[in-house]
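Written out below as structure tokens is the structure these notes cover.
No value in this document is a laboratory result; all are computed from the given coordinates. What you see is a predicted model, and the numbers here were worked out from it, not measured in a lab. Every residue, glycine as well, gets a Cβ built from its backbone with ideal geometry; the counts of neighbours run over all protein chains shown.
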Ligand code: ADP
């Protein structure tokens, strides 16, 4: 059975001789909820870029949803990313001045969804994250936790196989952070594979699986 994420000897070196990821073997099954955890500089962002198909390995292979990332053209990679992967970032990255619905609907542009359908799916996704009463609100009218929920709605509106959440609670107070973790659990329970990237050991320990990085290597998975 194919795994959603398969890293085999995956290595990423940067010019100047830094090996940010060093021969990593890792498999993540469809339907998992896992944390990628490690201190600053351990290689988390690099791994996020490889798994998110934003970058290709220097050596070894990265397979996502059965596709060898190195074998795909930039165009094919963009299509894979748009259709199969949702991203959530610490900084939310919402467009200021655009409503919650517009922010979420815009996330479906690259998946080639027609406008009316984008809006319909955006509203459904906002209901799913508990923001059914905030559809017309703009980011400055929302709390931090609500903004992150909009970002999560945008990430899942296209029904991706994989949700990559990079320090999703990093800008939130503990109550809002707990709410976001709860939401990620709900999405996982609904069938989405969720990978949370964090330096926060406590947050990682709340997940069913921890993939621990140190100096570019997986020391526990
Ligand atoms: P983390 O996300 O865990 O903080 P990173 O993946 O960002 O770790 O970094 C891993 C290592 O790779 C660090 O030593 C970092 O300095 C180095 N690194 C990351 N990105 C680059 C880059 N674009 N060019 C050169 N070195 C980099």
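Points to keep in mind about this one:
- Packing-based order for 195-207, 98-110, 146-158, using average beta carbon neighbours within 10 Å, highest first: 146-158, 98-110, 195-207
- Whether the range 116-182 is rounded, prolate or oblate, judged on the alpha carbon gyration tensor where a/c under 1.5 counts as rounded: oblate
- Each of 188, 127 has some number of other Cβ atoms within 10 Å of its Cβ, and from fewest to most they run 127, 188.
- Helix 144-156 vs. the chain, principal-axis angle (Cα, 0 to 90°, nearest 10): 70 degrees
- Per-pair calculated FRET efficiency, R0 = 22 Å: residue 91 and residue 221 via Cβ, rounded to 0.05: 0.20
- Computed FRET value (nearest 0.05) for residue 182 with residue 124, which takes r as the C-beta separation and R₀ as 22 Å: 0.70
- Residue of 160, 168, 208 that the Gaussian network model of the chain assigns the largest fluctuation, springs spanning Cα pairs under 10 Å: 208
- Alpha carbon centroid spacing (whole Å) that separates the range 54-103 from the range 1-19: 16 Å
- Cα long-axis angle, helix 174-189 against the chain (0 to 90 degrees, to the nearest 10): 80 degrees
- Residues 117, 167 arranged by fewest to most Cβ contacts within 10 Å: 117, 167
- Sorting 219, 211 by the number of Cβ atoms found within 10 Å of their own Cβ, with the fewest placed first, yields 219, 211.
- DSSP bridge orientation in the range 3-220 - percent antiparallel, rounded to nearest 5: 45 percent
- Extension reserve of the residue 58-residue 175 stretch, reckoned as 0.36 nm per residue once the Cα distance is removed: 38.1 nm
- The chain shape via C-alpha gyration tensor axes, a/c threshold 1.5: prolate
- Paramagnetic label zone (point 7 Å from Cα along Cα-to-C-beta, residue 8; backbone N under 19 Å) in the range 66-109: 66-73
- Within a Gaussian network of the chain (alpha carbon springs, distance under 10 Å), most fluctuating of 125, 71, 176: 71
- Taking a ≥ b ≥ c as the square roots of the eigenvalues of the alpha carbon gyration tensor, the range 1-101 is prolate, as a/c is not under 1.5 and a/b beats b/c.
- Separation of alpha-carbon centers, the range 174-193 and the range 105-161, rounded to whole Å: 16 Å
- Per residue of the chain, the DSSP helices (runs of n ≥ 4 H) give a summed -39500 (n - 2.57) that works out to -10000 deg cm²/dmol at 222 nm.
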